[in-house]
């Protein structure tokens, strides 16, 4: 058993991290917050880099990699808060012409009857008839809501898993931001990370990240629906709770618009809805206990 | 990144499973928790069976993955716990194997493996628990012996132990992490007094050990004089490594039993209870994956457990307590009846966020050693 990243997987992760640092660094993030709208140029660059066609066979113009690799890539996307209907477009590659290359933007009706980026999308998966625009809490994710019952299907397992991978990445980002701040911000003549009250918040941030990481990576290997439900619950918690604790570590600065922290929290909230009903995931896991016990 | 076992590992699992199915029905009934001589005999007898079947040294010599399989299969089959052999097999043994002389290894390791001698741990003191390096038990050199005086506390199995892995201060003028030595002390030496402590669960799981001018041969010192802190850190890395693997498997089994009980007594109809059970299932599944991740990492890095054990222990000790709280919720008023299953376990689980390094200490370790935050 080698439940560790292979050398190729490490190289892929590092490569994607480098690419996203170049394409979507802090400046680009804030330009997107101020500018609004989907950056089509960025979308095509992601397509050219194989972001959407990653799991598509090479014969079909894809990269021919598997679900574990896709999870690593979406974790990196979550880490930089890359905006856009990334998961829906990735899942449409090979089905919707132009999705793999990033020429066509695809969105989907997700959990909570929410549709992201509806006005910018070329193709919608699911029935978005009667969709009404919301004033989205996340400045980087425009949202519509379709009337209840029109599209009752719960999100597919891969949709949920890749969303969980993005949540994991955002949890990593929150942990990094918190630790960086705790190391450098001084109060009472020393870095605040020296105080146990702050140090312990940071330690718990990491614990949630590592537990979620093990669950998300394992679900990517097995693609088992119960593993995916577990991964989803833990990744949601790591991202949402992590962003809140990161905000707390930042003190008053964390409550300002200028700090990145609220962008992490708001995106984590959006994705927690996109993954479908949390109650349903919990019920699935509870039911499995009885199935296993016989 | 995969979760598949090699053919050799699967072969080991199959052979072990077959052996367990054959021998477990032949075991004598488990002794009562208060019968210490009975527990000693039972636990050592089990170790002897493992020895005869060739599984005795799985904690020391096997690859981390094989050790994981061993712990998973024995727990699933309901095999006896390592029990009184815990300190010898998981602390003192590996420490002597790594740091002892050839004579020391020949003297102590075979008797641990064959289930002939029980060890206990003399680390904590009344004034040196989480701040272990503040220990004050003193050892003064007198010819070829150390003369030891002081006291130890939270010593499991002290009543039936033959040996104690003892930390003593051999240089009182050195800074507190220095001047400590690691000794193997015979528990029948004159001057050793054991006073059992009663836990909140009503049982006597551990004891106080008083040491009054106890003579311990200098030849029983493992590692250099005043180098005991480093030796101890070797021991503790084992404690936080794979020590909890069997327990995670056990917790998942208990969770299934709690779910079945809820189904039988109607608590299952409460959506709140179902959701909590589902969430705990997610937690224990993830903890099992984290175990597999840590074991794979240990295998890749040469078998030495890293600080990742602290991450695991923080989450595990909390979730284990939540498991028995949910069990209590399922039992209802039955949770107040010591005769019901899980009620004693619930009481015992209260120690998990304290024993083997409190959660507060573990958070300091994670914050300082993994995240690189400054010391407070």
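Largest mean-square fluctuation among A:191, A:142, A:155, in a Gaussian network model of chain A whose springs join Cα atoms under 10 Å apart, belongs to A:191.
Determine, from the Cβ-Cβ distance of residue A:6 and residue B:81 and an R0 of 51 Å, the FRET efficiency 1/(1 + (r/R0)^6), rounded to the nearest 0.05. Write out the running numbers ahead of the final one.
Working: r = 36 Å, r/R0 = 0.71.
That gives a FRET efficiency of 0.90.
The mean number of Cβ atoms from other chains found within 10 Å of a Cβ in peptide B:355-366 is 3, as a whole number.
Average projection, convex hull of the Cα set of the range A:94-221: 11.0 square nanometres. In terms of its C-alpha gyration tensor, the range A:225-273 comes out prolate, because a/c is 1.5 or above and the ratio a/b outweighs b/c.
Placing a label point 7 Å from the Cα of residue B:142 along the Cα-to-Cβ direction, the residues of the range B:184-209 whose backbone N falls under 15 Å of that point are B:189-192. Dimensions of chain A based on its C-alpha atoms, expressed as ranges along the principal axes with the largest first, amount to 59, 55, 43 Å.
Highest mean first, what order results for B:173-179, B:130-136, A:118-124 on Cβ atoms within 10 Å? Before the final figure, lay out each step's value.
Numbers: B:173-179: 13.0, B:130-136: 15.6, A:118-124: 17.3.
Averaged packing, sorted descending, gives the order A:118-124, B:130-136, B:173-179.
The label point for residue B:10 and the one for residue B:34, both projected 7 Å from the Cα toward the Cβ, are 5.0 nm apart.
Per residue, chain A reaches -19000 deg cm²/dmol at 222 nm when only DSSP H runs of four or more residues are counted, each adding -39500 (n - 2.57).
Give the calculated FRET efficiency between residue A:129 and residue A:40 to the nearest 0.05, with a Förster radius of 25 Å applied to their Cβ-Cβ distance.
On the way: r = 26 Å, r/R0 = 1.02.
That gives a FRET efficiency of 0.45.
Taking beta carbons within 10 Å but only from partner chains, what does the mean come to for residues A:214-225?
Values: counts 12, 9, 2, 5, 9, 3, 1, 5, 3, 0, 1, 0.
So the per-residue partner count for this stretch is 4.
Given the -39500 (n - 2.57) contribution per DSSP H run of 4+ residues, what per-residue ellipticity at 222 nm results for chain B, rounded to the nearest 500 deg cm²/dmol?
Values: 11 runs with 168 residues, N = 376.
When only DSSP H runs of four or more count, the value is -14500 deg cm²/dmol.
Seen against the Cα atoms of chain B and their longest principal axis, helix B:7-23 is set at about 90 degrees.
Give me the inter-chain shielding for B:73-82: mean count of other chain Cβ atoms within 10 Å, whole number please. Mind dumping the intermediate values first?
Details: counts 0, 0, 0, 0, 0, 0, 0, 0, 0, 0.
The shielding value for this peptide is 0.
Considering only Cα atoms, the convex hull volume of chain B works out to 157 Å³ per residue.
With the convex hull drawn around the C-alpha atoms of the range A:42-135, the volume per residue stands at 104 Å³.
Rounded to the nearest 0.05, the FRET efficiency derived from the C-beta distance between residue A:13 and residue A:154 at R0 = 22 Å is 0.15. Result for chain A in a Gaussian network model with C-alpha springs under 10 Å: among A:146, A:207, A:105, the largest mean-square fluctuation is at A:207. Looking at the P(r) of the range A:190-246, how many percent of alpha-carbon pairs lie beyond 17 Å? It works out to 43 percent of all Cα pairs. Label separation (residue B:116 vs residue B:321): 4.3 nm, computed from points 7 Å beyond Cα along the C-beta direction. Calculate log10 I(q)/I(0) of the range B:255-376 for q = 0.20, 0.22 Å⁻¹, where I(q) comes from the Debye formula with a single equal point scatterer on each Cα and nothing for solvent. After summing over all Cα pairs, the log10 values are -1.09, -1.21. For the range B:60-149, the alpha-carbon radius of gyration amounts to 1.37 times the rule-of-thumb value 2.2 N^0.38 Å expected for a compact globular protein. Angle of helix B:102-113 to the longest C-alpha principal axis of chain B, folded into 0 to 90 degrees and rounded to 10: 30°. Working ranking of peptides A:163-172, B:248-257, B:97-106 by packing, defined as the average number of other Cβ atoms within 10 Å per residue, highest first, is A:163-172, B:248-257, B:97-106.
Computed from Cα atoms, the angle from the helix B:245-265 axis to the main principal axis of chain B rounds to 30 degrees. By the gyration tensor of its Cα atoms, with a ≥ b ≥ c the square roots of the eigenvalues, what is the shape of the range B:128-227: rounded for a/c under 1.5, prolate for a/b over b/c, or oblate? Because a/c hits 1.5 or more and a/b fails to exceed b/c, the range B:128-227 counts as oblate.
Throw me the Rg/Rh for the protein assembly as shown, computed over C-alpha atoms with Kirkwood Rh, two decimals. Walk me through the numbers before you get to the answer.
Details: Rg = 27.8 Å, Rh = 27.4 Å.
Rg/Rh for the protein assembly as shown comes to 1.01.
Taking one quarter of the surface of the convex hull spanned by the alpha-carbon atoms of the range B:4-87 gives a direction-averaged projected area of 5.8 nm².
Each reported figure results from applying straightforward, stated rules to the coordinates on display, with no laboratory input. Just so it is clear, the structure is predicted and the values come from calculations on it, not from any experiment. As a convention, Cβ positions derive from the backbone with ideal geometry for all residues, glycine included, and neighbour counts pool all protein chains shown.
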